[in-house]
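Below is one structure; the comments refer to it alone.
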């Protein structure tokens, strides 16, 4: 059910750009948090630069000096910045594992991950290269993939994910 190499259960949200992955994912995180789950999110956006550190901040100054990795533990969060070629999905999951029960992944289309497809009417389904499709979120009744959930059925997908997590635990965890 889950990949034993991953230290934490992970589910991918996949779909074309503009399909509503982030819109749905934000609501899903809130729903799962309300149910008591600690949810992490990893986004694979290699075509876009990372948001900048604050100008003049220590982390920025270390990066500008040539540090290969910069991290900080602050009052409200820990931050770690690595060059994109030094981090892969498995290492990012390992970093997040102690803090979360589940990681939602946006992107990483070539990874072998269970997937919830987010579909916008009028487009083709964007099927992942690898991984089981758990469900499709779409209001397009022509989509024949089962199970199919309406785009506002965040609770239904959360139920599905909880069942999936129970099955993962029964099969030996992540």
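The values are calculated or read from the model by the stated rules, or taken from the named source; none is laboratory data. Keep in mind that what you see is a predicted model, and the values were worked out from it rather than measured. All Cβ positions, glycine included, derive from the backbone under ideal geometry; neighbour counts span all protein chains shown.
Among the residues of segment 25-35, which ones are assigned to a helix (DSSP H, G or I) and touching a helix residue (DSSP H, G or I) at 6+ places or on another chain (Cβ under 7 Å)?
27, 28, 31, 32
At least 3 residues that are out of contact with any strand residue (DSSP E or B) (no Cβ under 7 Å at 6 or more places or on another chain), at pLDDT below 80 and on the phi < 0 side of the Ramachandran plot in each: list the helices (runs of 4 or more DSSP H) lying fully within segment 57-174 that qualify. Walk me through how you get there before you give the answer.
Working: elements: 58-65, 89-96, 154-170.
Qualifying helices (runs of 4 or more DSSP H): 154-170.
Given the conditions (1) without any contact (Cβ under 8 Å) to a residue 60 or more places away in the chain; (2) closer than 20 Å to residue 39 by Cα; (3) surrounded by fewer than 18 Cβ atoms within 10 Å (Cβ to Cβ); (4) in contact with a helix residue (DSSP H, G or I) (Cβ under 8 Å, 6 or more places away or on another chain), and given that residue 101 satisfies all but one, which numbered condition is not satisfied?
Going through the list (1) without any contact (Cβ under 8 Å) to a residue 60 or more places away in the chain; (2) closer than 20 Å to residue 39 by Cα; (3) surrounded by fewer than 18 Cβ atoms within 10 Å (Cβ to Cβ); (4) in contact with a helix residue (DSSP H, G or I) (Cβ under 8 Å, 6 or more places away or on another chain), residue 101 breaks only (1).
Just wondering, is there one or more residues in segment 36-49 that are assigned to a loop (DSSP other than H, G, I, E, B), over 30 Å from residue 161 (Cα atoms) and at pLDDT below 85?
Checking segment 36-49: at least one residue is assigned to a loop (DSSP other than H, G, I, E, B), over 30 Å from residue 161 (Cα atoms) and at pLDDT below 85.
Right, residue 113: over 21 Å from residue 150 (Cβ atoms) and buried (at least 22 other Cβ atoms within 10 Å of the Cβ) or not? Before you say what the answer is, go through the steps one by one.
Details: over 21 Å from residue 150 (Cβ atoms): yes; buried (at least 22 other Cβ atoms within 10 Å of the Cβ): yes.
Taking the combined requirement at face value, the residue satisfies it.
Of the numbered conditions (1) surrounded by fewer than 14 Cβ atoms within 10 Å (Cβ to Cβ); (2) closer than 28 Å to residue 162 by Cα; (3) within 18 Å of the chain's Cα centre (by Cα); (4) modelled with pLDDT under 90, residue 33 fails exactly one; give the number of that condition.
(4)
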